[in-house]
Amino acid sequence: MSPEPALVRCAEQPTAVVRERVAMDALPEFFGRVYATVAAEAARQDVQLAGPPFALYRGIPTETVDVEAGFPINGTFADTGTVVGGTLPGTEAYEMVHTGTYDTLEQTYAAVQERMKAAGKTPSEMMWEYYLNGPSDEPDPQKWQTRVVWPVT
């Protein structure tokens, strides 16, 4: 992981997620509800979480966003109707670790886009973020870390 945008190859990763269209200002509530639900269902199914919580965004967010949130997992997951198995794709992507509050993530995305453009790459319409730490385990918002992953075509 890099403090500067870096081109990486992501391996395909099974996930357990909830997918919804969510108003941007409702994302904190959505994440709080979904991460607890997915973690509880994974424990009930004896499925091991394989990394930090993440959110995959489909399309560029406007007032609402098509988002799936959950955890990478080891093994397979039986869909419950609300929580479903998914996959983060194996792909070439740019990644960068953002440190600080979520309202400054735009700066990190802009840096990633600049690097893509300089390399002649086209950004995918999907991107995801891993929340390496945040409000639940780090009281100082300036120390929150988010790993941004943006596939290219």
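The values are calculated or read from the model by the stated rules, or taken from the named source; none is laboratory data. Everything numeric here is computed off the predicted structure, so don't read it as measured data. Don't worry about glycine lacking a Cβ; one is built from the backbone with ideal geometry, like all the others, and counts go over all protein chains shown. Surface areas here come from the heavy atoms of the whole protein model, side chains and all, with no ligands, DNA or RNA. Shrake-Rupley method; radii C 1.70, N 1.55, O 1.52, S 1.80 Å.
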Discussion item. Restricting to region 91-135, and then to whatever is in a helix (DSSP H, G or I) and open to solvent by less than 20 Å² (accessible area, probe 1.4 Å), can you tell me which residue is farthest from G70 (Cα to Cα)?
Written reply: M116
Worksheet item: Considering region 25-56 alone, what residues qualify as being over 15 Å from the mean Cα position of the chain (by Cα) and hydrophobic (A, V, I, L, M, F, W, C)?
Response: A26, A36, A39, A40, A42, A43, V47
Worksheet item: Tally time: how many residues in region 58-74 are at pLDDT 95 or above and among the small types (G, A, S)?
Response: 2
Worksheet item: Going through region 144-153 one residue at a time, which ones are open to solvent by 50 Å² or more (accessible area, probe 1.4 Å) and at pLDDT 95 or above?
Response: Q145, R147
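Restricting to region 53-90, count the residues that are in contact with a Pro (Cβ under 8 Å, 6 or more places away or on another chain) and either of a type outside the set (V, I, T) or surrounded by fewer than 20 Cβ atoms within 10 Å (Cβ to Cβ) (or both). Quick ask: steps written out before the conclusion?
Going through region 53-90, the residues in contact with a Pro (Cβ under 8 Å, 6 or more places away or on another chain) turn out to be 54, 69-77, 85-89.
Narrowing the set further to residues that are either of a type outside the set (V, I, T) or surrounded by fewer than 20 Cβ atoms within 10 Å (Cβ to Cβ) (or both) leaves 54, 69-72, 74-77, 85-89.
Number satisfying all stated conditions: 14.
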Discussion item. Residues to consider are V22, V38; find the one that is open to solvent by less than 40 Å² (accessible area, probe 1.4 Å), in contact (Cβ under 8 Å) with a residue 12 or more places away in the chain and over 26 Å from V152 (Cβ atoms).
Written reply: V38
Worksheet item: What single numbered condition from (1) part of a loop (DSSP other than H, G, I, E, B); (2) modelled with pLDDT of 95 or more fails to hold for A43?
Response: (1)
